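The structure appears right after this line, and notes come after that.
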Amino acid sequence: MDVRIVDSADVADDATIGTGSSIWHLAQVREGAVLGRNCIIGRGAYVGTGVRMGDNCKLQNYALVYEPAVLEAGVFVGPAVVFTNDHFPRAVSPDGSLKRGDDWEAVGVTCREGASIGARSVCVAPVTIGRWALVAAGSVVTKDVPDFALVAGVPARRLRWVGRAGVPLEQRADGEWVCPQTGAIYHEDNETLTEVSE
């Protein structure tokens, strides 16, 4: 199998790693995780138990993707991004006893196809990042992000629309947007952006 796993990486025996994928120094891929083809897991990154990643995903250095996150194909997760997984995190129960893995209900972050999460962003689960959306560096995402939205801030809010190329779209007419890089046309209706079929 054509997979690159450096010696200092910690990859569970039952993790599934797709052909062409690379797992770099000090990265950890936990039990039952599934990585698609041609994925890159950067230095010190963490992929939690049972996390699912599609083909061609990039998880940059020190990104933390806690279970039960799902990343569809082509997702980019920038350096030091954190995907949370607990509504009300506590180390101990009200009686002071240490909480265990079955003492809470894990909730996950879902990233749809082509989404990009900028460096040092935090996605507070449960939340879904839409197709080809772009989360600006340093943002805190607390609610779902629509397809093709560019969001930024704390908490993150939509500032612009972006296309598949990731650059901000330009408004051409009422409800019609164009990508200045590719010429692709998009239509906006009620805070939702869709690609126009050619």
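The values are calculated or read from the model by the stated rules, or taken from the named source; none is laboratory data. Please read all numbers here as calculations on a predicted model, not as lab measurements. Neighbour counts are summed over all protein chains in view; Cβ atoms, including those assigned to glycine, are modelled from backbone coordinates with ideal geometry. Heads up: the accessible areas ignore ligands, DNA and RNA and are worked out on the full protein's heavy atoms, side chains in. Shrake-Rupley method; radii C 1.70, N 1.55, O 1.52, S 1.80 Å.
Quick look at the values:
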quantity	calculated
Which listed residue is in contact (Cβ under 8 Å) with a residue 12 or more places away in the chain, assigned to a loop (DSSP other than H, G, I, E, B) and over 29 Å from Ser139 (Cβ atoms), from Gly50, Gly20, Gly74	Gly20
From Gly138, Gly130, residue being without any contact (Cβ under 8 Å) to a residue 60 or more places away in the chain and under 30 Å from Val196 (Cα atoms)	Gly130
Residue among Val162, Val145 that alone is at pLDDT 95 or above, β-branched (Val, Ile, Thr) and over 23 Å from Tyr66 (Cβ atoms)	Val162
Single residue of region 135-159 satisfying the filter (in a strand (DSSP E or B) and open to solvent by 50 Å² or more (accessible area, probe 1.4 Å)) that is nearest to Cys123 (Cα to Cα)	Arg157
Qualifying residue in region 42-51 (condition: farther than 18 Å from Ala119 by Cα and among the small types (Gly, Ala, Ser))	yes
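Residue-wise test of (1) crowded, with 18+ Cβ neighbours inside 10 Å; (2) assigned to a loop (DSSP other than H, G, I, E, B); (3) within 9 Å of the chain's Cα centre (by Cα); (4) not polar (S, T, N, Q).
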| position | (1), (2), (3), (4) |
| --- | --- |
| Asp86 | no, yes, no, yes |
| Arg90 | no, yes, no, yes |
| Gly96 | no, yes, no, yes |
| Asp102 | no, no, no, yes |
| Val107 | no, yes, no, yes |
| Thr110 | yes, no, yes, no |
| Ala125 | yes, yes, no, yes |
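Residue-wise test of (1) of a type in the set (Ser, Thr, Tyr); (2) out of contact with any strand residue (DSSP E or B) (no Cβ under 6 Å at 6 or more places or on another chain); (3) closer than 25 Å to Thr192 by Cα.
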position	(1), (2), (3)
Gly50	no, yes, no
Met53	no, no, no
Val75	no, no, yes
Ser97	yes, yes, no
Asp102	no, yes, no
Glu113	no, yes, yes
Gly118	no, no, yes
Val122	no, no, yes
Pro126	no, yes, yes
